[in-house]
Amino acid sequence: MKPGTKLKSTVCDTEVMVIRGPHIVVECGGFPMSEERPAELKSINPGFAKGTRIGKRYVNAAGTLELLCVKTGQGSLSIGSVALQIKDAKPLPASD
Amino acid sequence: MNISLILQMAADAEPERIGLVCDGRRWTYSALARAAQGAAKSISISGSSHVALLDENSEAAAIAFFGAAISGVPYVPLNYRLADEDLAGLLNRIAPAYIVGDVKRVERLCPKRAHAAWTRAGFVAEAEKLADMAPAVEETQQSIAVQLFTSGTTAAPKAAILRHPNLLSYILGTVEFGAASTQEAALVSVPPYHIAGIAALLSSIYAMRRILLLPAFDPEHWLALAAAERATNTFLVPTMLARIIARLDAGATADLSALKAIAYGGGPMPLELIDRALRLFPQTGFTNAYGLTETSSTIALLGPEEHRAAHDSGTPEARARLASVGRPLPTVEIEIRDEQGRRLPPGERGEIYVRGEQVSGEYRERSALDANGWFSTRDAGWLDAEGYLFLAGRADDVIVRGGENISPGEIEAVLLSHPAIADAAAVAVPSAEWGEAVAIAIVAKPNHVPPDDDELRALIKNRLRSSRVPERIAMLDALPYNEMGKLLRREVRNLFR
C-alpha cells in the first residue's frame, strides 16, 4: 500500500495511516477497512473490540506492515483473525 | 500525506489541553486547529501561490503554517531582518502571496499590490472567524509544505523546499505522539523563518509538549519566560546559550529548576561554552542536534548521557566526543566521501552525504539528490570508529593553495589558542602564485595587546606548516555573523578584495 494512504474503519471512528506495508486487507472490529468511510457503520465483532489508541503504531508479527493510528475507535486492528500489535517506541532525546 | 495531521491528532486526543502560550494568551490544541482551518479557508479564497510570514514568532506563525498545509499552499516564512532590497527580491519570487505580518513594509516594497497582506491581529481574527468553513484537507502525495530561503552565507539565497512526506517522516521517526506530560513546556526562541523554528512547532505539538513562544530572542526575556512558565525543554543556537550565560554571570537571577533538557545546534559549539554550560546546569540533559534546512532539521544527535560521559571523562579521546554532533538518527544514513565521490573510511575527512525520507535535498530550480537519493550537504566532516560524526566546516570554505586543501578550522583553532585573540576567521584570497592563499581576520580580546603580523605568522608556521601561513592579515573589532550565529565568510573574503 502507498505510504500515507488512510484507511477507515467500517465499524467505528478508527482511522489509520499506512507507514509501510504490502497490499493486504486490514480489518478493524472484524471487518475490512476502506479508503472511504461508509455511510452506515456495521456492528462491531465483539472478538475485535479492544479499541485503538491514537498515535500508536500497529505492526504485524513479520514486521512488514506498519500503521499509525490517527483517530481512535472501539474496534481493534487485525489481519484476518490475527491481531496487530503496538510497536514499542524507541525514544530519542528532543532535538528541537 | 499532510502535516496538518500533527495538529489535528493533538486536537483530537486532548482538545482542551494548552498547546501554545504566546504574549500571555493560552491556546488549546482545539483552538489552534480551528484557527488553522479558518486560515486555510482564507488562504483558499485569496488564490495565492504562497503563504508568507513576515513577522516575529507568534501564534500567527503556527496558524499560518498549518493553515497553508491544509490548503495545500507552500508556507514561506521570511527573514524580516533582511535589507529592503534583498527582501523585495524574495517577495517577487513568491508572488502572488498571502502575507502575514508587516503590511506596511510589503506595501512599500511591492507598491503594485501583487500580494494579499494581513496584519498579525487581522489574520488571527479572520482565521478564528472562518473556523467553521474549513476546506477539505489537500491530500496530494507530494505537495510542498515549506519553502525556506537559505541564509545565503556563501551565495544568493536558494529556495529550499520540504514536501509533506519529508517533514512527516522526520516527526514520525523522531517523536512519540503525546509523549510529554502536562508539566512539560518547550521554550521556542529560534526565529520562525529557520528550519529549527518549523521543527520546534511540529515536534512539540506531536509530543504534546506545550510551546512557550518568545517573539524574538533576548536573554533577559528568555530567562523571564523560562522561569515564569517553568520551561522544561528548549532549543538554542550556541550564540543564544552564550548570551544567556553571560546574563547569569552578570548577576541576572531566574529559577531554571524545571529546565531538564537543552538541545542546541545551528552552528559550531565552542568547547569552553558547552563545558561551562554542563557545569552551570548539572541537572540538565544536553543534546547536540546537527541538521540542515534541506534535511527537515536534525539528522544526527549527541544525547544527554553521551555529553555527561564525555564531560566527566579524564581521557582526551573520550572528551573529544563533546565536539561531535553524535550519531545518525536510526532513520537516516550518513556517508563521508572524497572529491571523486568515493566513500571514505572512519577517521578520514571528506564531504558529508545523507540519505533518508526526511531528506528533500531539493530546491525550486532543481533537486540536488544523486541517482541513489544521496544529498551532498557541502559540510565537511568525518566519522570516528564508533560512528560519531564530527564537523569540519563547509566544503566550500576549504582553501585550495597550490592543489593542497586547507581547512579554515585548523588555522582558526591555532589562532584562538593565543591568549590575546578573541575571535578568528581564515578565508581564501586569490593568489597569482598559488591560485588561492590564506588570509586571516582576527579580533583581539579587550584590554589585551594583539599579536603583530610576524608573531601570528610564526604561531601558524610552528603549529601547522608553512602553506598555512597567511599572506594577508586584518585586525577587526568584530567578525560578521548573521543573527543565527553563522560566520559570514563571504563578507570576510570581501575585506581582502
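Here is how the numbers come out for the structure above:
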quantity	calculated
Selection within the range B:484-497 - among the charged types (D, E, K, R), farther than 27 Å from B:N447 by Cβ and buried (at least 16 other Cβ atoms within 10 Å of the Cβ)	B:K486, B:R489, B:R493
Filtered residue count, the range B:272-310, keeping only those that are under 20 Å from B:A231 (Cβ atoms), of a type outside the set (S, T, Y), within 14 Å of chain A (Cβ to nearest Cβ) and in contact with a Leu (Cβ under 7 Å, 6 or more places away or on another chain)	4
Members of the range B:220-257 found to be more than 14 Å from every other protein chain (Cβ to nearest Cβ), of a type in the set (V, I, T) and either crowded, with 16+ Cβ neighbours inside 10 Å or under 17 Å from B:R279 (Cβ atoms) (or both), listed by number	B:T239, B:I244, B:I245
Single unsatisfied condition, B:D452 versus (1) buried (at least 18 other Cβ atoms within 10 Å of the Cβ); (2) of a type outside the set (G, A, S); (3) at pLDDT 90 or above; (4) more than 18 Å from B:L479 (Cα to Cα)	(1)
Wholly enclosed strands (runs of 3 or more DSSP E) of the range B:336-406 bearing at least 3 residues closer than 21 Å to B:S324 by Cα	B:350-355, B:375-383, B:389-394
Qualifying residue in the range B:65-82 (condition: of a type outside the set (S, T, Y) and surrounded by fewer than 17 Cβ atoms within 10 Å (Cβ to Cβ))	yes
3 or more residues more than 14 Å from chain A (Cβ to nearest Cβ), at pLDDT 95 or above and within 18 Å of B:G178 (Cα to Cα): qualifying strands (runs of 3 or more DSSP E) within the range B:1-55	B:18-22
Total residues in the range A:58-88, condition touching a residue at least 12 places away in the same chain (Cβ under 8 Å), within 14 Å of chain B (Cβ to nearest Cβ) and assigned to a loop (DSSP other than H, G, I, E, B)	3
Hey, B:S203 among the polar types (S, T, N, Q) and within 14 Å of chain A (Cβ to nearest Cβ) or not	yes
Criterion: within 25 Å of the chain's Cα centre (by Cα) and surrounded by 24 or more Cβ atoms within 10 Å (Cβ to Cβ) - qualifying residue of B:A60, B:A33	B:A60
Index of the failed condition, B:I205 passing every other in (1) within 27 Å of B:F281 (Cβ to Cβ); (2) without any contact (Cβ under 8 Å) to a residue 40 or more places away in the chain	(2)
Check on B:H164, within 14 Å of chain A (Cβ to nearest Cβ), surrounded by 20 or more Cβ atoms within 10 Å (Cβ to Cβ) and modelled with pLDDT under 95	no
Extreme residue, farthest from the other protein chains (Cβ to nearest Cβ), among residues of the range A:10-20 that are out of contact with any Phe, Trp or Tyr (no Cβ under 8 Å at 6 or more places or on another chain) and closer than 21 Å to B:I6 by Cβ	A:T14
Unique residue being more than 22 Å from the chain's Cα centre (by Cα) and in the same structural domain as B:I43 (by TED's automatic domain parsing) when the list is B:G122, B:G173	B:G122
Residues located in the range A:21-57, provided they are within 14 Å of another protein chain (Cβ to nearest Cβ), among the basic types (K, R) and over 12 Å from the mean Cα position of the chain (by Cα)	A:R37
Residue list for the range B:167-184, restricted to those being of a type outside the set (S, T, N, Q) and either surrounded by fewer than 24 Cβ atoms within 10 Å (Cβ to Cβ) or facing chain A (nearest Cβ under 10 Å) (or both)	B:L168, B:Y170, B:I171, B:L172, B:G173, B:V175, B:E176, B:F177, B:G178, B:A179, B:A180, B:E184
Condition check for B:A88: in contact with a Cys (Cβ under 9 Å, 6 or more places away or on another chain), assigned by TED's automatic domain parsing to the domain that holds B:L213 and without any contact (Cβ under 8 Å) to a residue 24 or more places away in the chain	yes
Residue match in the range B:262-271 (condition: within 14 Å of another protein chain (Cβ to nearest Cβ), surrounded by fewer than 21 Cβ atoms within 10 Å (Cβ to Cβ), in contact with a strand residue (DSSP E or B) (Cβ under 8 Å, 6 or more places away or on another chain) and not in a loop (DSSP other than H, G, I, E, B))	no
Residue among B:D102, B:D132 that is surrounded by 19 or more Cβ atoms within 10 Å (Cβ to Cβ), among the acidic types (D, E), assigned by TED's automatic domain parsing to the domain that holds B:P191 and at negative phi	B:D102
Residues (away from every other protein chain (no Cβ under 14 Å) and more than 9 Å from B:G356 (Cβ to Cβ)) located in the range B:322-333	B:L322, B:A323, B:S324
B:A300 being under 29 Å from B:Y193 (Cα atoms), modelled with pLDDT under 95 and touching a strand residue (DSSP E or B) at 6+ places or on another chain (Cβ under 8 Å)	no
Odd one out for B:D132, checked against (1) over 28 Å from B:A33 (Cα atoms); (2) more than 28 Å from the chain's Cα centre (by Cα)	(1)
Exclusive hit being within 25 Å of B:L168 (Cβ to Cβ), touching a Gly at 6+ places or on another chain (Cβ under 8 Å) and of a type outside the set (S, T, Y), set A:V18, A:V59, A:V11	A:V18
Residue count, the range A:1-39 (criterion: polar (S, T, N, Q) and buried (at least 18 other Cβ atoms within 10 Å of the Cβ))	3
Single condition B:A125 does not satisfy, out of (1) in contact with a strand residue (DSSP E or B) (Cβ under 7 Å, 6 or more places away or on another chain); (2) without any contact (Cβ under 8 Å) to a residue 12 or more places away in the chain	(1)
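The values are calculated or read from the model by the stated rules, or taken from the named source; none is laboratory data. If you're wondering where the values come from, they're calculated on a predicted model, not measured in any experiment. When we count neighbours, we look across all protein chains shown, and the Cβ atoms used for this are built from the backbone with ideal geometry, even at glycine.
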